[in-house]
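Enquirer: Shown below is the structure under consideration.
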Amino acid sequence: MAGLTAAAVAAVCFLAYQASANAPVDLSVKPRTSGTAAPSVSPSGGPKQPAKDPLAVPADSGSGERVVYALSDRRVWLVDAQGKATRTFRVWPSTVDPVAGAYKVSSRSGSVQGSDGVPIEHVVRFATNQDVAIGFSAAVDGSTPSPDPARKTGGIRMKRADGDAMWTFAVIGAKVVVVP
């Protein structure tokens, strides 16, 4: 048993080292680019658009401390009072989306059963659409199932670690901004 534990700890340490060795020290520092590079061209022959920075908070998301949810990107940013993203992550929406606009966190639940029958935790509700409550949550088992298209549900699932961060950040009354 001790041998298995030691092997597991060694594997985790190795993976943590690999991740830290390949991650930038400061995510706010942009990589430098050479001013002599030739412009790239898209397959259609026109200029290629620069890649979207997933860490960049959407420009049309307001100001101040807030949660920003981009529907088309399926991404959330937790933004501090200075407008800097402290965390960003992908999410898996359900069948009913919130309408773009500004909301406030209206209720929270530590753990409940999701409308799909999966136990969920850290539920942060902020909107209603088509008589469906909409909120962020994480499945206790870590799953991100595809929603049943025949059912109207408003859960926006995330990984458990992201759910922990959301739970700490998005207290009752916190601003949530939904952008297209």
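The values are calculated or read from the model by the stated rules, or taken from the named source; none is laboratory data. Source: prediction; values computed, not measured. Each accessible area value is taken on the protein alone, full model and side chains, heavy atoms only, with ligands, DNA and RNA left out. Shrake-Rupley method; radii C 1.70, N 1.55, O 1.52, S 1.80 Å.
Enquirer: How much of Asp141 can a 1.4 Å solvent probe reach, expressed as accessible area in Å² and rounded to 10?
Expert: The value for Asp141 is about 110 Å².
Enquirer: Further question on the same structure: In Å², what does the accessible area per residue of the range 125-180 work out to with a 1.4 Å probe?
Expert: Details: 2710 Å² over 56 residues.
Value returned for the range 125-180: 48 Å² of accessible area per residue.
Enquirer: Give the carbon-plus-sulfur fraction of the accessible surface of the range 94-180 in %, rounded to a whole number; probe 1.4 Å, heavy atoms of protein chains only. Don't skip to the end; give the middle numbers.
Expert: Values: 2200 of 4220 Å².
Of all accessible area on the range 94-180, carbon and sulfur atoms account for 52 percent.
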